[in-house]
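The values are calculated or read from the model by the stated rules, or taken from the named source; none is laboratory data. Computed from a predicted structure; not experimentally measured. A quick note on method: Cβ atoms are made from the backbone with ideal geometry, for glycine too, and the neighbour counts reach across all protein chains shown. What goes into the accessible areas is simple: the full protein's heavy atoms, side chains included, and nothing from ligands, DNA or RNA. Shrake-Rupley method; radii C 1.70, N 1.55, O 1.52, S 1.80 Å.
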Amino acid sequence: METDIIVDLQYGDSGKGKVAHFLCKTKKYTHVLRYNGGCNAGHTIFHKGKKFITHHIPAGVFWGIKSIIGPGCVVDPVQFLKEIKMLEDGGIKTKGKIFVAKNTHVITASHRNEDAVDVAIGTTKRGNGPAYRDKYARIGVRAEQVKALKPYLIDLYEEFYENKKKVVILGEGAQGFGLDIDWGDYPFVTSSHCTTAGALLNGLPPQSVRHVWGVAKMYETYVGTKKFEPKNPAFEELRRVGEEYGSTTGRPRQCNWMNVDLIEQAVRVNGVTHLVFNKTDVMREVGEWAVLIGGKVRAFKGEKEMKHFLTTRLKALGIPPRQVYFSESREAI
Ligand code: IMP
Ligand code: MG
């Protein structure tokens with residue numbers, strides 16, 4: 001078995017969907033596995049010129065690769081079935097391609113109702129937190145108990161370990177390091193593990209890991225109740241130019257410069273081997289180049305200087321410059 005894992009190094013919305021979509025096209029995976037989160041996630045994917053927003057279903061489906069929702073996730077059957085219909089309506093063939101691990105926990109209507117009244121965290125109100133709580137309280141419902149999910153159930157042990165063919169899996173994460181239940185800014189976090197370790201929890205053996213793709217934006221965004229955005233018209237510009245509005249909730253995302261300390265922590269904890277910085281063109285259009293480091297703003301003369309700074313820092317962490325990619329919105333890597 002071989003696995004590549006995609007992790008978000010920030011607060012979600014850094015372009016994992018795009019990286020997953022790109023890797024699926026080129027790296028010959030047999031399976032794509034969503035390893036954490038529920039329909040709180042929103043992955044914006046441009047496939048053959050068409051825009052899709054997925055919440056549950058991994059990007060493998062766009063390329064006809066078996067796409068699995070793993071037991072590190074929580075699944076809302078109503079949203080899941082809606083999403084399959086949305087994909088089918090958009091011309092994507094889903095038959096025999098989409099699966100849910102039978103031990104994945106389910107988001108119920110009462111989880112959704114409970115989350116709907118959250119004000120403290122600013123959740124996506126999709127029932128994510130209550131579903132994970134019930135899982136760990138051992139009072140939850142698993143996918144195998146839900147009739148509507150029967151046609152999609154899969155036994156991950158059989159699929160991964162008793163498969164006659166070589167299995168090559170892409171692990172596709174949701175949310176990000178800054179929202180991780182353990183490493184994020186608690187309590188302003190999500191309820192799952194958004195790390196490489198979180199991916200492994202889905203039945204992937206550590207020695208199978210080939211590459212860990214860290215994904216970040218050239219600036220930072222966060223959605224939730226925590227005060228995050230400093231006063232600076234540049235951040236309003238980043239939001240406008242970068243179209244920084246939640247793909248699940250439509251909420252404006254708070255913006256800030258990229259926090260290099262957070263990126264470096266996430267690189268280390270996740271064991272990142274390859275890194276993609278997205279939305280370079282948005283910074284270019286706004287025309288300011290800066291990062292946060294040690295709690296202070298560090299500005300650069302221009303694009304070249306900021307890229308050089310980042311690649312030098314990453315080289316010191318063991319990631320060679322040829323494994324660092326600077327990407328533009330909507331473009332392939
Ligand atoms: P929950 O995951 O819906 O419980 O929300 C907890 C926190 O994570 C809130 O601040 C959400 O805005 C944030 N969050 C959850 N999913 C995403 C995502 O996919 N992108 C960005 N933020 C997210
Ligand atoms: Mg998103």
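Restricting attention to region 44-72, which residues are away from ligand 2 (no atom under 15 Å from the Cβ) and assigned to a helix (DSSP H, G or I)? Selection gives G60, V61, F62, W63.
Among the residues making up region 116-132, those that are within 21 Å of the chain's Cα centre (by Cα) and away from ligand 2 (no atom under 16 Å from the Cβ) are I121, G127, G129, P130, A131, Y132.
Of all residues in region 115-136, those that are within 15 Å of G72 (Cβ to Cβ) and hydroxyl-bearing (S, T, Y) have Cβ atoms under 6 Å from Cβ atoms of residues that are assigned to a loop (DSSP other than H, G, I, E, B) and away from ligand 2 (no atom under 16 Å from the Cβ), 6 or more apart or on another chain, in Y132/S191.
Return yes when A41 is assigned to a helix (DSSP H, G or I), crowded, with 22+ Cβ neighbours inside 10 Å and in contact with a strand residue (DSSP E or B) (Cβ under 9 Å, 6 or more places away or on another chain) and no when it is not. It is false that A41 is assigned to a helix (DSSP H, G or I), crowded, with 22+ Cβ neighbours inside 10 Å and in contact with a strand residue (DSSP E or B) (Cβ under 9 Å, 6 or more places away or on another chain).
Reported count of residues in region 20-37, each being within 15 Å of G176 (Cβ to Cβ) and either part of a loop (DSSP other than H, G, I, E, B) or over 10 Å from the mean Cα position of the chain (by Cα) (or both), is 2. Applying the selection to region 73-83, what residues are outside any helix (DSSP H, G or I) and either open to solvent by 20 Å² or more (accessible area, probe 1.4 Å) or modelled with pLDDT under 95 (or both)? Within region 73-83, none qualify. Could you tell me whether D118 is part of a helix (DSSP H, G or I), more than 19 Å from G203 (Cβ to Cβ), open to solvent by less than 70 Å² (accessible area, probe 1.4 Å) and among the charged types (D, E, K, R)? No: the conditions fail for D118. Comparison of V241, V209 shows that the only residue that is away from ligand 2 (no atom under 13 Å from the Cβ), over 14 Å from the mean Cα position of the chain (by Cα) and more than 25 Å from V267 (Cα to Cα) is V241. Annotation note: of G184, G178, the sole residue that is within 16 Å of ligand 1 (Cβ to nearest atom) and either farther than 26 Å from T124 by Cα or outside any loop (DSSP other than H, G, I, E, B) (or both) is G178. For region 200-213, check the following and say yes or no: at least one residue is touching a residue at least 40 places away in the same chain (Cβ under 8 Å), buried (at least 24 other Cβ atoms within 10 Å of the Cβ) and within 16 Å of ligand 1 (Cβ to nearest atom). No, the conditions are met nowhere in region 200-213.
Does I319 fit the bill of being away from ligand 1 (no atom under 16 Å from the Cβ), closer than 22 Å to K18 by Cα, aliphatic (A, V, I, L, M) and in a loop (DSSP other than H, G, I, E, B)?
Values: away from ligand 1 (no atom under 16 Å from the Cβ): yes; closer than 22 Å to K18 by Cα: yes; aliphatic (A, V, I, L, M): yes; in a loop (DSSP other than H, G, I, E, B): yes.
When the stated conditions are applied, I319 passes them.
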